[in-house]
Amino acid sequence: MTHDRGSGDRSVSFAADQSRIDVLLAMVSDTWSDAVRRGFYSTADQTIKSIEAAGPIRRLLVADHPRGLKSQVYRRLKGDRPAPASGKIRGVRPACLHSGTPTEIRSLERRYRWYDRQLAIASARHRLHAPVTVTFNLWHAALVERSDPSKTVFYAQDDESAIPSHAPVRQQTLEAYRRIAASGMTVIAVSQTLLDRIAPTGPGIVIPNGVDPDLWLGERRLQVETSTSGKTVFYAGTVDARLDVDAVTALATAGYYVDVAGPVRDERVRASLVGLPRVQLLGPRGRSEIVARAQNAGVCLMAHRSTELTQAMSPLKVFEYLASGTPVVATRLPGSTLDSQRVTWVEPGGDYVTAVQAAMKVERLSDADRSSLVQQLSWRSRHEILIRLLVERSA
């Protein structure tokens with residue numbers, strides 16, 4: 001079933017005897033050090049912060065993705081560390097013999113059952129009592145035998161079967177979805193489209209991505225140079241096949257300056273953009289600079305091609321653009337649509353130039369209205385339903 005987070009009483013209250021809830025959270029393919037380096041930007045990162053901040057939670061064990069022994073040593077020398085034992089949080093760095101991810105289901109089963117045993121040992125060592133597991137790791141969710149599936153929550157951030165780099169294991173991914181669905185465990189997905197693709201037989205919950213109020217409302221006056229603020233269109237995100245190059249080309253041809261901030265993951269897309277007049281590839285930028293550039297731009301842009309992957313996404317960048325107070329132009333996709341007059345929607349492959357022209361006429365939000373919107377879109381607000389679920393599952 002699907003729960004509508006927009007209805008009902010959103011207040012959260014807990015009894016005193018519910019204050020010793022322990023949680024184990026397994027990351028996707030990264031580590032605590034990765035989360036620290038990126039400023040706790042991702043869905044999993046912010047889920048860690050929400051659980052840590054929740055009153056009913058006594059202890060949270062954060063499990064890194066399993067890495068081979070050679071990789072463990074190398075990353076350790078580079079300063080990689082597990083979550084520090086401070087406050088509620090503890091960390092564990094599970095190991096495996098080899099770093100490469102297997103492609104056969106039986107090999108994957110062996111790896112992730114060994115991974116789960118290491119998590120159980122770490123849970124006992126850190127004195128977690130009957131922890132509820134929140135796993136972002138598809139294989140960990142699907143391939144580990146569980147005596148009580150109700151104690152496990154699979155949190156899906158993307159449709160992993162549609163990620164181009166995961167094409168060699170697409171059939172294994174679909175099999176993992178089938179096992180997760182059949183298990184009866186709770187599935188959280190960032191969009192209804194993604195939840196429908198997994199089709200859980202147990203509870204299904206949609207929790208869209210959110211924003212960090214400390215980042216978007218904090219005291220920061222970082223000065224950045226934009227190409228020309230009045231006609232600058234700003235895009236923040238990975239430069240890969242999701243980006244609609246034709247949209248960027250049309251905007252540049254129409255005389256707009258397009259600043260693109262984010263790592264390049266597809267050289268073909270980079271090659272299509274690098275020679276365009278008025279298009280600036282900025283590369284990866286810090287979170288404070290992203291905030292400043294979004295606030296200084298004339299329009300913030302999410303121009304995505306329509307693919308199986310983008311259709312299932314929850315538009316984190318759109319929520320953050322809204323938090324900036326700057327008018328937004330975005331591609332209308334199933335997982336991206338939200339009710340906001342602040343967004344000028346464009347059908348996939350549509351007329352982005354006309355949309356940007358219209359958006360340039362939209363007034364920026366006042367500080368008071370922006371603050372209210374940021375709180376509404378905050379991760380903590382989004383995750384209230386998750387905290388209630390953890391309380392229920394711990395009983």
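The values are calculated or read from the model by the stated rules, or taken from the named source; none is laboratory data. Keep in mind it's a predicted model, so treat the numbers as computed, not measured. All Cβ positions, even for glycine, are placed from backbone atoms using ideal geometry, and neighbour counts span all protein chains on display. All accessible areas refer to the heavy atoms of the entire protein, side chains included, with ligands and DNA or RNA removed. Shrake-Rupley method; radii C 1.70, N 1.55, O 1.52, S 1.80 Å.
Want the number for residue 196 to residue 265: 0.36 nm per residue separation, take away the alpha-carbon distance, what's left?
Between residue 196 and residue 265, full extension yields 22.0 nm more.
Round to a whole angstrom and tell me the spacing of the C-alpha centers of region 58-114 and region 368-383.
33
What size of dipole, in debye to the nearest 20, comes out for region 255-395 about its Cα centre when the only charges are +1 on Lys and Arg C-beta atoms and -1 on Asp and Glu C-beta atoms?
260
Pairwise over distinct Cα atoms, reciprocal of the mean inverse distance: report the Kirkwood radius of region 154-200 in Å, one decimal place.
Radius from the Kirkwood sum: 10.7 Å.
Sticking with the crude label model, points 7 Å out along Cα→Cβ, report the distance from residue 104 to residue 38 in nm, one decimal please.
About 3.2 nm separates the two model spin labels.
Any chance you could get the radius of gyration and Dmax over the Cα atoms of region 175-317, in Å?
When restricted to Cα atoms, region 175-317 yields Rg and Dmax of 18.3, 54 Å.
How long are the semi-axes of the equivalent ellipsoid of region 298-345, defined as square roots of 5 times the Cα gyration tensor eigenvalues? Whole Å, largest first.
Ellipsoid semi-axes (Å, largest first): 18, 10, 9.
Could you tell me what percent of the accessible area of the chain is made up of carbon and sulfur, with a 1.4 Å probe and every protein chain present?
In the chain, the share of accessible area belonging to carbon and sulfur is 50 percent.
Cα-based Rg of the chain per 2.2 N^0.38 Å, rounded to two decimals?
For the chain, the normalised Cα radius of gyration comes out at 1.00.
Note down the net charge around residue 197, summing +1 for each Lys or Arg and -1 for each Asp or Glu among other residues with Cβ under 9 Å from its Cβ.
-3
Measure out, as a whole number of angstrom, how far apart the alpha-carbon centroids of region 309-348 and region 284-304 sit.
Value for the Cα centre distance between the two parts: 14 Å.
If you roll a 1.4 Å probe over the heavy atoms of the protein chains, what accessible area per residue do you get for the chain, in Å²?
Accessible surface, normalised per residue, equals 45 Å².
Roughly how tilted is helix 43-53, in degrees to the nearest 10 and between 0 and 90, from the longest Cα axis of the chain?
Long axis of 43-53 versus the principal axis of the chain: about 60 degrees.
Give me the accessible area of residue 380, 1.4 Å probe, in Å² rounded to the nearest 10.
The accessible area of residue 380 comes to roughly 90 Å².
Non-local amide H neighbours of residue 302 (under 5 Å, H modeled in plane, Pro and chain starts lacking H): which ones?
Under 5 Å from the amide H of residue 302: 329, 330, 331.
Cβ under 14 Å from residue 75's Cβ, residue 75 left aside: what net charge do those residues give with Lys, Arg +1 and Asp, Glu -1?
After counting each charged neighbour, the total is +3.
Using the Karplus curve 6.51 cos²θ - 1.76 cosθ + 1.60 with θ = phi - 60°, what ³J(HN,Hα) values do you get for each residue of region 161-172, in whole Hz, with x for Gly and Pro?
Listing the rounded values in order: 6, 9, 6, x, 5, 8, 3, x, 10, 4, 5, 5 Hz.
As a test of reading the structure, rank 74, 115 by solvent-accessible area (1.4 Å probe, protein chains only), most first.
Heavy-atom accessible area, descending, gives 74, 115.
Work out from phi, with θ = phi - 60° and the Karplus expression 6.51 cos²θ - 1.76 cosθ + 1.60, the ³J(HN,Hα) of each residue of region 379-395, listed in order in whole Hz, and give x for Gly and Pro.
Using θ = phi - 60°, the values come out as 4, 4, 5, 4, 8, 4, 5, 5, 5, 4, 5, 4, 4, 5, 6, 7, 5 Hz.
Please list, ordered by chain and number, the residues whose modelled amide H lies under 5 Å from the amide H of residue 186; skip anything fewer than 5 residues away on the same chain.
Counting only residues 5 or more places away or on other chains, the set is 152, 154.
Whole-Hz Karplus ³J(HN,Hα) for region 115-132, in order, using 6.51 cos²θ - 1.76 cosθ + 1.60 and θ = phi - 60°, x for Gly and Pro?
Result, ordered by residue: 4, 5, 5, 5, 5, 5, 5, 5, 4, 5, 4, 8, 6, 7, 9, 6, x, 8 Hz.
Of the options 198, 252, 277, report the single residue whose Cα projects farthest towards the positive end of the charge dipole of the chain (beta-carbon charges: Lys, Arg +1; Asp, Glu -1).
198
Can you spot the aspartates and glutamates whose alpha carbon is less than 19 Å from residue 78's alpha carbon? Ignore those fewer than 8 places along the same chain.
30, 34, 64
Calculate the dipole size of the chain relative to its Cα centre from +1 charges on Lys and Arg beta carbons and -1 charges on Asp and Glu beta carbons; express the result in debye to the nearest 20.
1380
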